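These notes concern the structure reproduced below.
The values are calculated or read from the model by the stated rules, or taken from the named source; none is laboratory data. Note that the structure is predicted; figures quoted are calculated from it, not measured. Here the Cβ is made from the backbone with ideal geometry for all residues, glycine too, and neighbour counts use every protein chain on show.
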Amino acid sequence: MNCQGRVSPGTAAPAEERSCSWLNPWVFLISVLVIKTAFVTVCLVVLLHGGYGQYKTLLQNSTEWHCIPKISADKMEGWMCCPKRWRRFQNSCYFLSLDTMSWAGSEQNCTGMGSHLVVINSREEQEFLFNLAKEKVTNTYETKYYIGLTSYQNGQWQWVDQTPYEKIATFWKPGEPNLLFAERCAAIHVKGNRDSNTYSNWNNILCFTSCYRICEMAVKFV
């Protein structure tokens, strides 16, 4: 609308032109509101769809690493690195939590750190983890650490990384697993820091039980 037309003295302004004095501020305000609404919408879309991925990348890039030389045949081939406060064994890094969660919460927490609940592939790994867990136990009472083994999806035991369950070593306590209709998540069971039962210490428990957890990620070679 053009509101710049000139009116001769003593001549009444047309109705359209008389309305310009109060219409222009409203048009301006409505335009500002539309622009703000569009801006907020775009920001929310970016935050919900892209922001979380950028946040995870930021966390990963800011992780402090502890590295040791990788030596083969008396020749240094590079470095093997784990995040600080994680422990290395062979080609994996392990983190033992200081807080407790359900099995699902534990797996989600590990995934958020770029890892997963531990998958135990050998007797040597089981021994390492049991002794590591005993280091964290400060009393003689029992303590449980979730591992990445569950049967709650289809009734069959399955590792979180899809490693075939029947092809790797298992270390259940005598009589375990039992009550399979209800207790569908597995944990390493440590009976205090003097427990000498290095093997045969897995226990199946209710998946909503609050337990500690062991996260695992592959060693980073640089």
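Given the criterion touching a Gly at 6+ places or on another chain (Cβ under 6 Å), surrounded by 14 or more Cβ atoms within 10 Å (Cβ to Cβ) and at negative phi, identify the matching residue among V219, V118. Talk me through it step by step, then tell me what you get.
On the way: V219 fails: touching a Gly at 6+ places or on another chain (Cβ under 6 Å).
From the options V219, V118, the qualifying one is V118.
In a strand (DSSP E or B), of a type outside the set (G, A, S), surrounded by 20 or more Cβ atoms within 10 Å (Cβ to Cβ) and assigned by TED's automatic domain parsing to the domain that holds W79 - does that describe any residue in region 152-166? So that I can check it myself, show each step before the final result.
The initial filter retains those residues of region 152-166 that are in a strand (DSSP E or B), namely 158-159.
Retained after the next criterion (residues that are of a type outside the set (G, A, S)): 158-159.
Keeping just the survivors that are surrounded by 20 or more Cβ atoms within 10 Å (Cβ to Cβ) gives 159.
In the following step, the residues that additionally are assigned by TED's automatic domain parsing to the domain that holds W79 were identified as 159.
Yes: region 152-166 contains one or more residues that are in a strand (DSSP E or B), of a type outside the set (G, A, S), surrounded by 20 or more Cβ atoms within 10 Å (Cβ to Cβ) and assigned by TED's automatic domain parsing to the domain that holds W79.
For region 86-109, which residues satisfy the criterion of being in contact with a strand residue (DSSP E or B) (Cβ under 7 Å, 6 or more places away or on another chain), within 21 Å of F128 (Cβ to Cβ) and either assigned to a strand (DSSP E or B) or aromatic (F, W, Y) (or both)?
Selection gives W86, R87, R88, S92, C93, Y94, F95, L96.
Go through T198, T143 for me and flag whichever is touching a Phe, Trp or Tyr at 6+ places or on another chain (Cβ under 9 Å), more than 30 Å from G78 (Cα to Cα) and either outside any loop (DSSP other than H, G, I, E, B) or of a type in the set (A, V, I, L, M, F, W, C) (or both). Reasoning before the result, please.
Numbers: T198 fails: either outside any loop (DSSP other than H, G, I, E, B) or of a type in the set (A, V, I, L, M, F, W, C) (or both).
Sole residue among the options that is touching a Phe, Trp or Tyr at 6+ places or on another chain (Cβ under 9 Å), more than 30 Å from G78 (Cα to Cα) and either outside any loop (DSSP other than H, G, I, E, B) or of a type in the set (A, V, I, L, M, F, W, C) (or both): T143.
May I ask you to list the residues in region 172-195 that are on the phi > 0 side of the Ramachandran plot and either without any contact (Cβ under 8 Å) to a residue 24 or more places away in the chain or in a strand (DSSP E or B) (or both)? So that I can check it myself, show each step before the final result.
Of region 172-195, the ones on the phi > 0 side of the Ramachandran plot are 175, 179, 192.
Passing the criteria: only G175.
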